[in-house]
Amino acid sequence: MNDNDFKKMILNLQSNEITGREIYRSISENIKDPHNKSLLIEIAEEELVHYSIYKKYTSEDVDPDKKKVMLYTILSKIFGYIFTIRLLEREEDRALEILRDPDIADSVLDTKAIREQEEEHEEKLISMLNEEKVSYISSIILGLNDALVEITGSLAGFTFALQNTRIIALSGLITGIAASLSMAFSQYLAEKSAGKHNYIKASLYTGITYFVTVLLLIMPFLFFPDNMYGAALAVTLFIVIIVIFIFTFYISIVKKVNFKQRFLEMLAISIGVTIFSFLLGIIAKKLLGIDI
């Protein structure tokens, strides 16, 4: 590696560190919990230390990437700071791979210290996993998974049996409201029986997640003409894939689970139930001789 390439790479690492510092500081300003706030500020200052180490080799100052800082700050407000920090840490892990390059490791003597400090970040971050969104993630998963499987399956069955988008939407909405209330009360009783203190919030997260998912799934049937029930179902299935993709990505970042395995598993269950329910709708219509 020539001197110009080496300097360019170190400048890039230097930029990542100062940008990371500004992101941590920006996120910390929106956190009320004193422990989490102080922890983020501490990590931000470590990033500044790493920045100073790289500066010894470049003899240049680098400005933070303001667009990136703004993006991560917005993400923290939408998806929560745990998700955003984990996403940032994953990006920093890629930087660690660069630091393991023999050419850089031999040239930058302080890389071992930087790697050790970077790896400690994740251990520290584990202690701050007490954000409400993350604390109730199991309740959200329960509501989302059940809604995706049950309502998608119901809509598929209704599609062939009823063959009218308005009637399908109405049937799906009634089924969804009843199911969301049932899920919320079931979660309430389960959490309370287990002796957990926040059983009311847990049940609300489950019920609300279920109901919001129901609204997303029946939406195509409200917009398509009465006779375009097949197209409405196709759009609903597309929404199912998008919802599963986004939620699985969120879980894979926050809980550090395998994205591909989790995504394919959820998708296979949802699509499998949909196909079965669609066939069931065909059989039920023929057996009962109902023509709507």
- Which whole-Hz ³J(HN,Hα) couplings does segment 147-154 yield from phi under the Karplus relation 6.51 cos²θ - 1.76 cosθ + 1.60, θ = phi - 60°, glycine and proline marked x? 5, 4, 6, 5, 6, 4, x, 5
- Residue-ordered couplings for segment 198-207, obtained by feeding phi - 60° into the Karplus form 6.51 cos²θ - 1.76 cosθ + 1.60 and rounding to whole Hz (Gly and Pro as x), are 9, 5, 5, 5, 4, 5, 5, 4, 5, x
- Task: In whole angstrom, note down how far apart the Cα centers of segment 19-70 and segment 150-184 are.
- Result: 49 Å
- Task: Could you calculate the FRET efficiency of ALA234 with LYS67 from 1/(1 + (r/R0)^6), where r is the beta carbon distance between them and R0 is 41 Å, rounded to 0.05?
- Result: 0.65
- Item | Burial ordering of THR213, THR248, THR58, fewest other beta-carbon atoms within 10 Å first | THR58, THR248, THR213
- Item | Under the Karplus curve 6.51 cos²θ - 1.76 cosθ + 1.60, θ = phi - 60°, whole-Hz ³J(HN,Hα) for segment 155-162, x wherever Gly or Pro sits | 5, 5, x, 5, 4, 7, 6, 9
- Note on the structure: For MET228, other-chain or 5+-apart residues with amide H closer than 5 Å (H placed, Pro excluded) are THR165
- Go through LYS32/LYS66; LYS66/LYS201; LYS201/LYS255; LYS8/LYS37 and tell me which ones have a Cα-Cα distance over 30 Å in this structure. LYS66/LYS201; LYS8/LYS37
- Message: Using 0.36 nm times the number of residues separating LEU181 and ASN4, minus their current alpha carbon distance, what extension gain do you get?
- Response: 57.4 nm
- Query: What is the fewest-to-most order of TYR250, TYR54 by other Cβ atoms lying within 10 Å of their Cβ?
  - Reply: TYR250, TYR54
- Message: Within a 10 angstrom radius of the beta carbon, how do GLU29, GLU46, GLU265 rank from fewest other beta carbons to most?
- Response: GLU29, GLU265, GLU46
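None of the figures in this text is laboratory data; all of them are computed from the coordinates on show. Since the structure is predicted, the reported quantities are computational estimates derived from the model, not experimental observations. Note that we place each Cβ from the backbone using ideal geometry, even for glycine, and neighbour counts take in every protein chain shown.
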